[in-house]
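Structure, as structure tokens:
The values are calculated or read from the model by the stated rules, or taken from the named source; none is laboratory data. In this text, all values refer to a predicted model and were calculated from it rather than measured experimentally. Every residue, glycine among them, receives a Cβ derived from its backbone with ideal geometry; neighbour counts consider all protein chains shown. Ligands, DNA and RNA are stripped out before the accessible areas are found, and what is left, the full protein with its side chains, is counted by its heavy atoms. Shrake-Rupley method; radii C 1.70, N 1.55, O 1.52, S 1.80 Å.
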Amino acid sequence: REYIISYGVGGLSSKENSYGTPPGLHIIKEKIGEGLPPGTLFNATKPTTKIINEYCPLNPLSRIEITSRIFTLEGLEEKVNRGGNLDTYNRKIWIHGTPHTCWLGKPASHGCIRVHQNEITELFKMVNEGTPVFIY
């Protein structure tokens, strides 16, 4: 499958506070959201009871709305995406659903990879924890 995604407004970067998406080899460390309805809003990794429908904010960074499913990522490359202030897992860089569909295909996140909330639900069924993810 191919999906149109959004990525960090800082481009490819592992540096903390860069708003960049970290390059290199990662694995899916955790899958979060099994069985929840598409559009479920998360507070960090905890689901809420609120469902968010698609909409288009003027500024994609003005609201961080994580919906549907979350894949936490763990970097596997020392000094690239693992360790120190480059660490993908510690930076909380995830692959997750978004209701901001008008921003898909454009840099629009603080570093996470945003996927349409219906597509992340589909992808969730196809991959397991430990699945390799290469970001380039």
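Each residue, L61 and K46, gets one label point 7 Å from its Cα in the Cβ direction; the gap between the two is 2.7 nm. Taking Cα atoms, how many degrees apart are the long axis of helix 117-126 and the longest axis of the chain, rounded to 10 and kept between 0 and 90? For 117-126 against the chain, the angle is about 60 degrees. Please say if the range 93-136 is rounded, prolate or oblate, where rounded means a/c under 1.5 for a ≥ b ≥ c the square roots of the C-alpha gyration tensor eigenvalues, and otherwise the choice is prolate for a/b larger than b/c and oblate otherwise? Taking the square roots of the gyration eigenvalues as a ≥ b ≥ c, the range 93-136 is oblate.
What is the spin-label model distance, in nm, from E129 to V80 if the labels are put 7 Å beyond Cα along the C-beta direction? Rounded to a tenth, the inter-label distance reads 2.5 nm. Could you pull the accessible area for C56 with a 1.4 Å probe, rounded to 10 Å²? Looks like 80 Å² after rounding. Of the trypsin sites (Lys or Arg not before Pro) in the range 1-79, the ones in a loop by DSSP (not H, G, I, E or B) with at most 14 other beta carbons within 10 Å are R1, K15, R63, K79.
Computed on the chain, the Cα convex hull volume stands at 94 Å³ per residue. Of all beta bridges that DSSP places with both ends in the chain, some 70 percent have antiparallel geometry. The residue among I120, H110, I70 whose Cα reaches farthest toward the positive pole of the charge dipole of the range 42-136, with charges on the beta-carbon of Lys, Arg, Asp and Glu, is H110. With K and R counted +1 and D and E -1, the other residues having a Cβ less than 14 Å from that of K50 yield a net charge of +1. 3J(HN,Hα) along the range 54-65: 4, 7, 10, x, 5, 10, x, 8, 6, 9, 9, 10 Hz, from the Karplus curve 6.51 cos²θ - 1.76 cosθ + 1.60 with θ = phi - 60°, whole Hz, x for Gly and Pro.
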